[in-house]
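To keep things clear, I will list the structure first and then write my remarks on it.
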Amino acid sequence: MEFRILTKLIISSLLLLAVTSCTKEVQIDIPGYKDQLVIDGSIETGQPAIVLLSKSNNVYSATNFQAYLDGFVSGATVIISNGTETDTLTEICSDNLPPGTEEIAAAFFGLPVDVLINLHLCAYISFGMIGEVGKTYTLRVITNGSEYTAATNIYNPTPLDSLYWKPEGSYTDRGFSWVKLSDPSQSGDSYAWQVKLAGMTNFSRTFNPFFNDKFFNGQTFDFAYENPMSFDDPNADPAYRGYYKLGDTVIVKFSKIGRKEYNFFEKKYNQMYSGGNPFATPTNVPTNINGGALGIWVGYSPWFDTLVCQ
Amino acid sequence: MKIILSFLLTITCFFAAAQTKVTLSGYITDAIDGEALKDVKVFIPSLKVGAMSNSYGFYSLTVAPGKYTVEFRSMAYGSEVKEIDLSKSQVFSIELGSKVNNVNEVVVNVKKTENVTSTKMGQIELQMDQIKTLPAFMGEVDVIKAIQLLPGVSSVSEGGQGFYVRGGGPDQNLVLLDEGVVYNAAHLFGFFSVFNADAVKSVNLIKGGMPANFGGRMSSVLEVNMNEGNMKRLKVTGGIGAISSRLTLEGPIKKDKGSFIVSARRTYIDILLKAAISDTSPFAGSSYFFYDFNAKLNYKLSAKDRIFLSGYYGKDVFNFSDTKGGFGANMPWGNGIAALRWNHLFSDKLFMNLTTTFSDYMFKFGSQQDEFRFELASGIRDVGAKVDFSYFPNPIHRIKWGADYKYHTFTPTSVTAQNDTTVFDTGAAQKLYSHEAAAYILDEFDLNDQLRLNVGLRYSAFAHVGPFTRYIKGDGISTQDTTIQYQKGDLIKFYHGLEPRVSMRWLLPDNSSIKAGYAYNYQYVHLTSLSAVSLPTDIWFPTTDIAKPEKGWQGSVGYFRNFFNDKFESSIEVYYKEMKNLIEFKEGALPGDNVNDNTDNILVFGEGRAYGIEFFFKKSVGRFTGWVGYTWAKTERRFPDINEGNIYPAKYDRRHDLSLVGTYKLNDRWTFSASFIYATGNTLTLPSSWYVQEQNLLFNYGARNSTRMAPYHRLDLSATLYSKAYKTKIDPTTGKEIEVKKRYRSNWSFSIYNVYNRMNPFFLYVDNDGDFLQGNFKLTVKQVSLFPIIPSATWNFEF
């Protein structure tokens, strides 16, 4: 993150210099558009695989929700294998959800239930196979005469040593969640950090949820994470955003992921946070999918822990 | 082998022939301040032979014994004729008369005929007098901006550091300040150069046909020579501008024996910012400034020995403070350069220059956010020595040979990070050590009245040595990360190669000539940039076992012609250049990726080519002087790991580049200048498509550099008002009124940058606005322009 700050500082100072700079909209030819399949698939310990298929859109095409909906791909053949067994995923659409799954689906798509059930959003789900630690899962997607493949692993999870909460600065009832982590000696361990408050259905991602052990391989150390839910709460006091309050119960989902998958998420977040940065090297988010598709096929190996802020 | 033998035989013959002749040699200096004068032609009309003074003012001309009329001729100093009895060899040093303030007084211009007669191709020397009259951005006279007005040279962007020559990258330019290497020639992210115009004597750019005495870079050599200091009297020069002021003090240590010069410059942007930001603001303490300091001493130890000690130190400092957010950052960067030179005359035909140099460039970034502290440093440090011999056996041959050695210490990245008491493992500070050496020989000789050849051969070698840790990355599944440790002095990798250099001139009737040149170059140090533009964060990196030396060749052919008694000179040059082992970061590489890893593990390698045609038309004589330069060029790159292995245009690929520069001297007090440039827009890579992953909008970029910005064009104007140069005085002997040159002089320089307020593109980006779910989300391409019309004024003085 410091490197991002460094880049941003340089940009800020350049822009500060250009006190008289002027920005205007221009129409310019951007060649190179390719219609590509986007695979957004995941599998985690104890859970079925979920795969979304959509299409990329020209940057000058309409960028709205309808375009997003129109991009969903139905009728594909999606198959996963754990090396010994194979499962063909079932396509489930939001306007035809099994009873009791509406809220889960709504959270998955990031949409209100009443909006979702009136839309035709489809996902492919492996009802015949769930993720297991230590296995490699291959994915095959066949659509429009093209085939795409990918593989991911579910590793042994890395346990957290402990969780604790402490007030931040002058606050007595607001603070970050702290964690003590002993990273395994093997380098290249990569992680995803998600949290939710007790009572919530879905986990949320923090500002910078993916990291690896490049800076702390084999070390035991403490670090803090913010409360991401507070930023989505329109009623939250802006002064307290990012903090957990005394008495909160926080459920942490600390997942181990593979290196290639980490590479995808690292570059993805880098692209998101450097959006519009003219000095950044234009970087496509690298995929682990073969065959010319965009996106990711990722296996999560989560470790769950609960923190009561006190 | 046959060529080498005949070459040695030829040299031997001339050594023998030289025994029956006499030699006229000496130093040529400025009569007013004692500065050594380069490129003064010493010419004997009756024999039609001549020699040129070198950069230390030394000349040597060997002829048959006799009495001769000898002309000493220079563009800026006019001509002096001496009768010299050369019945035996003579040392004849001469001070050329008062400097012609403006070139309109010069009738005979030897340097202009050089345009046609010399073997030099793609070489241009700019005089500081000329540069100082050009329109200046915010009043800061800038050497780098001046050379960007020449054909074949282009700027990175309005505010980018560095320059591009004939399709080469910014690191492919060897920038020398008194023979010390300048690794970052930019202040303020490239808005200004590190060269203080008051301290600079001359600027020489070699963009093609690089002679064998230069090497280590693929594209060009920019030689910047500092003033030596006034040998005659104490002199103060200075200027007060819109954003900076400068002061120079020079004078004799001992009259006509030694002199010194010290020059300093500092911006006051920080003071202006301080006034703009209140003490209670959370950003109080944020500032930016740069300063630089030049110093030089020279002393004539004897008639045959002279020493020079030159130094430069400059730094940019950027501080950022956000007390509310608990964040502070400090970012200094800068160069330090020192050069000690010894000139020695072994004989009247053999001149030696021995130079020891020290160059240092460092970039640091430190920050603190509450209890988290972070520091990053990168840099390069060289110590080296160089020896050059110039041998003048007769007027037909000018032979040079020499050797060069540097010991490089690179710090690509050194990072420390600490959170409260927890120290993060950022790996050991990575340093890379290497030896770089070269030896060369060249001979410029006339085969007949039409054909002149400059033949040279350079041998260069590079050794990457320990201590060094090589990281070998596993995939984390079947293979794990391992390291190889090299101890101090261990040879890790050795590279070497021959670099032939040839150029020729064939004189044609009508004051014209055809020239051709070929140069092969190796480059062992590389600048790697994670950004789409050049920034101080760019990393200098050596050749290693993984990163191979860049190498390539350039061939050029040109037609040169002068018109109207050499008042106008013109040239057309065509060039083709091929480059191998070029370096880029892998797609998606991030600055921290080389922590606990080697930088070259995140590099990719490719090749490039560039070709183009350059037209140059110049008028150096008369009240109106100036030039027109036009370049048509194409620059391409191909990296197997970038752009799916397809050829793509370099980011500075410009099809058309036009510059018009004119200076008009109205009278002794007013001089007006104008410059206009037009350039095809830079290329860049913009997203060609968007997609959604986990509810996040992501972009997919199209082909590398496939989008081109709108053309860049700009007109700048300037006017300089000089104080009266002479005052009237009564001559006590004659009682008549006479004019006496004033000791105190000043001028006002007024500039208008971007006269017609063109909003040139600085960069483009894809912006998004609206709400995805509401259906009003929109992606648009936005263009950011930096500078509108900017008037400025600078007051300069000297006494």
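No value in this document is a laboratory result; all are computed from the given coordinates. Just so it is clear, the structure is predicted and the values come from calculations on it, not from any experiment. Cβ: placed from backbone, ideal geometry, glycine included. Neighbour counts: every protein chain shown.
Quick notes on this one:
- Theoretical FRET efficiency, 1/(1+(r/R0)^6), r = Cβ-Cβ of B:D85 and B:L350, R0 41 Å, to 0.05: 0.95
- Kyte-Doolittle at least -0.5, axis length at least 20 Å by Cα - qualifying DSSP helices, chain A: A:2-17
- Taking B:V455, B:V175 and counting other C-beta atoms within 10 Å, the order from fewest to most: B:V455, B:V175
- Amide H contacts under 5 Å for A:S177, placed H, 5+ residues apart: A:Y225, A:Y244
- Average beta carbon contacts from partner chains per residue of A:213-223, 10 Å cutoff: 5
- Restraint check, B:K400/B:K431; A:K214/A:K268; B:K235/B:K296, Cα-Cα greater than 24 Å: B:K400/B:K431
- Candidates A:S162, A:S170, A:S81, ranked by Gaussian network fluctuation over chain A, Cα under 10 Å, top entry: A:S170
- For A:Q66 and B:N646, the FRET efficiency from 1/(1 + (r/R0)^6), where r spans their Cβ atoms and R0 equals 35 Å, is about 0.55.
- Highest-MSF residue in chain A out of A:N290, A:N57, A:N144 [GNM, Cα springs under 10 Å]: A:N144
- Label separation (B:K580 vs A:Y164): 6.1 nm, computed from points 7 Å beyond Cα along the C-beta direction.
- Helical runs (DSSP H, four residues minimum) scored at -39500 (n - 2.57) apiece and divided by the length of chain B put the mean residue ellipticity at 222 nm at -1500 deg cm²/dmol.
- This ranking places B:Y678, A:Y68 by how few other beta-carbon atoms lie within 10 Å of each, fewest first, which gives B:Y678, A:Y68.
- Region A:215-310: relative contact order in percent, alpha carbon pairs under 8 Å with at least 6 residues between: 35
- By the Cβ distance rule (another cysteine Cβ under 4.7 Å), the unpaired cysteines of chain A are A:C22, A:C309.
- Built amide H within the under 5 Å cut-off of B:M210, gap 5+: none
- Legend: mean number of C-beta atoms from other chains within 10 angstrom of residue C-beta atoms, peptide B:778-788, equals 6.
- Cross-link pairs exceeding 31 Å between alpha carbons, from the set A:K24/B:K634; B:K48/B:K741; A:K260/B:K651: B:K48/B:K741.
- The spacing between region B:493-527 and region B:742-799, judged by their C-alpha centroids, is 39 Å.
- For A:L294, the residues 5 or more places off, or on other chains, whose built amide H falls under 5 Å of its own are A:L37, A:V38, A:I39.
- Within region A:167-213, the chymotrypsin sites (Phe, Trp or Tyr not before Pro) that combine a DSSP coil assignment with at most 14 other C-beta atoms in a 10 angstrom radius are A:Y171.
- In terms of its alpha-carbon gyration tensor, chain B comes out prolate; a/c meets the 1.5 threshold, and the first ratio a/b outweighs b/c.
- Dipole axis of region B:351-395 (+1 Lys, Arg; -1 Asp, Glu on Cβ), positive-most option in B:L376, B:F363, B:F392: B:F392
- In sequence order, region A:185-194 has phi-based couplings of 5, 6, 7, x, 5, 10, 9, 10, 10, 10 Hz under the Karplus curve 6.51 cos²θ - 1.76 cosθ + 1.60, θ = phi - 60°, and Gly or Pro positions carry x.
- Cross-link pairs B:K38/B:K386; B:K120/B:K493; B:K82/B:K619; A:K267/B:K577 - those with Cα-Cα distance over 27 Å: B:K120/B:K493; B:K82/B:K619; A:K267/B:K577
- Counting, for every residue in B:677-688, the Cβ atoms of other protein chains within 10 Å of its Cβ and taking the mean gives 3.
- Pairwise FRET efficiency - B:Q418 versus A:T138, Cβ, R0 = 51 Å, nearest 0.05: 0.75
- Ranking A:A106, A:T249, A:Q219 by how far each Cα lies toward the positive end of the dipole of chain A (charges on Cβ) leaves A:Q219 at the top.
- Computed from backbone phi with θ = phi - 60° and the Karplus coefficients 6.51, -1.76 and 1.60, the 3J(HN,Hα) list for region B:247-264 is 8, 10, 10, 9, x, x, 7, 9, 3, 6, 10, x, 8, 9, 8, 10, 9, 9 Hz; x is used for glycine and proline.
- Ordered by the count of other Cβ atoms within 10 Å of each Cβ, fewest first, B:Y664, B:Y712 give B:Y664, B:Y712.
- The relative contact order of chain B, computed from alpha carbon pairs under 8 Å that lie at least 6 residues apart in sequence, is 10 percent.
- Ordering of B:485-497, B:687-699, A:224-236 by packing is B:687-699, A:224-236, B:485-497, highest average first (other Cβ atoms within 10 Å, averaged per residue).
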